[in-house]
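A.B. asks: Can you keep this structure in mind? I'll have questions shortly.
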Amino acid sequence: MTSQTETFAPSAAQMEALARAALARIPEPFAAYLADVVLVIEEFADEQTLRDMGMEDPFELTGLYSGRPVGEKDGFMGELPQPDTIHLYRRPLLDEWVDTGVSLEALVTHVVVHEVGHHLGLSDDDMHALEDSVL
């Protein structure tokens, strides 16, 4: 009798665990600003989000930050803001993982750090430096 091992793509829960591990590696002082950020794993971005981003192909978007960046929160008056949220899109991430050969952990970390950078209002160079410290 031969044994067979079945291999499946990581579930949303497994991807969330990778993302939470990446968030846990964010160093201070940045980590102090992440306590209230919500992490959401979805299969794809919804149609309205894709339209808002000017995208037609749902595989183009692997992650998104929604909310008000830290530097824009002071003195904000008006309707109650939605919670700061990092969205990770599982299927596009899995496709990029397969296409690039980059480890899934590194890919998820890259997207998480990028979205954290948007939350913090960081430049691309600062995002790259933060990512280097997290990997």
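Since every read-out is calculated from the coordinates, none of them should be taken as a lab result. Since the structure is predicted, the reported quantities are computational estimates derived from the model, not experimental observations. Reconstructed Cβ throughout: ideal geometry from the backbone, glycine too, with neighbour counts over all protein chains shown.
A.B. asks: Among all helices in the chain defined by DSSP H, which have a length of 20 Å or more along the axis from Cα atoms plus a Kyte-Doolittle mean of at least -0.5? Walk me through the numbers on the way to the answer.
C.D. replies: Working: long enough: 104-120 (24 Å, 0.78).
Qualifying helices: 104-120.
A.B. asks: Once you mark the GluC sites (Glu not before Pro) that are in a DSSP loop and have at most 12 other Cβ atoms within 10 Å, what is the longest gap between them in the chain? Could you put the intermediate results ahead of the total?
C.D. replies: Details: sites that count: GLU6, GLU43, GLU56, GLU79.
Excluding the exposed sites themselves, the longest stretch runs over 80-135.
A.B. asks: Which residues' amide hydrogens lie under 5 Å from the amide hydrogen of GLY63, considering only partners 5 or more residues apart or on another chain, with H built in the peptide plane?
C.D. replies: Those qualifying (amide H under 5 Å, at least 5 residues apart or on another chain) are TYR89.
A.B. asks: Let a ≥ b ≥ c be the square roots of the eigenvalues of the Cα gyration tensor of segment 1-62; is it rounded (a/c under 1.5), or, if not, prolate (a/b larger than b/c) or oblate?
C.D. replies: Values: a/c = 3.38, a/b = 1.20, b/c = 2.82.
Judged from the Cα gyration tensor, segment 1-62 comes out oblate (a/c at least 1.5, b/c at or above a/b).
A.B. asks: Still on this model: Could you work out the helix-only [θ] at 222 nm for the chain, with each DSSP H run of four or more residues adding -39,500 (n - 2.57) and the total divided by the number of residues, to the nearest 500 deg cm²/dmol? Could you put the intermediate results ahead of the total?
C.D. replies: Details: 5 runs with 58 residues, N = 135.
Roughly -13000 deg cm²/dmol at 222 nm, from the helical runs in the chain.
A.B. asks: With an 8 Å Cα cut-off and a minimum separation of 6 or more residues, compute the relative contact order for segment 81-135 in percent. Present the calculation step by step, with values, prior to reporting the outcome.
C.D. replies: Working: 25 pairs, mean separation 18.2, N = 55.
After rounding, I find 33 percent.
A.B. asks: Can you give the longest run of the chain that contains no chymotrypsin sites (Phe, Trp or Tyr not before Pro) sitting in a DSSP loop with at most 16 other Cβ atoms inside 10 Å?
C.D. replies: Free of exposed loop sites, the longest segment is 77-135.
A.B. asks: Could you give me the ³J(HN,Hα) list for segment 54-67, computed from phi with Karplus coefficients 6.51, -1.76, 1.60 and θ = phi - 60°, whole Hz, x at Gly and Pro?
C.D. replies: For segment 54-67, the Karplus-derived couplings read x, 10, 9, 8, x, 7, 6, 10, 9, x, 7, 9, 10, x Hz, x marking Gly and Pro.
A.B. asks: Placing one identical point scatterer on every Cα of segment 16-135 and ignoring solvent, what is log10 I(q)/I(0) from the Debye formula at q = 0.19, 0.20 Å⁻¹?
C.D. replies: With no solvent term, the Cα-only Debye profile gives -1.08, -1.18.
A.B. asks: Have a look at the DSSP beta bridges in the chain and tell me what percent are antiparallel, nearest 5. Could you put the intermediate results ahead of the total?
C.D. replies: Working: 4 of 9 bridges.
Given both bridge residues lie in the chain, the antiparallel proportion sits at roughly 45 percent.
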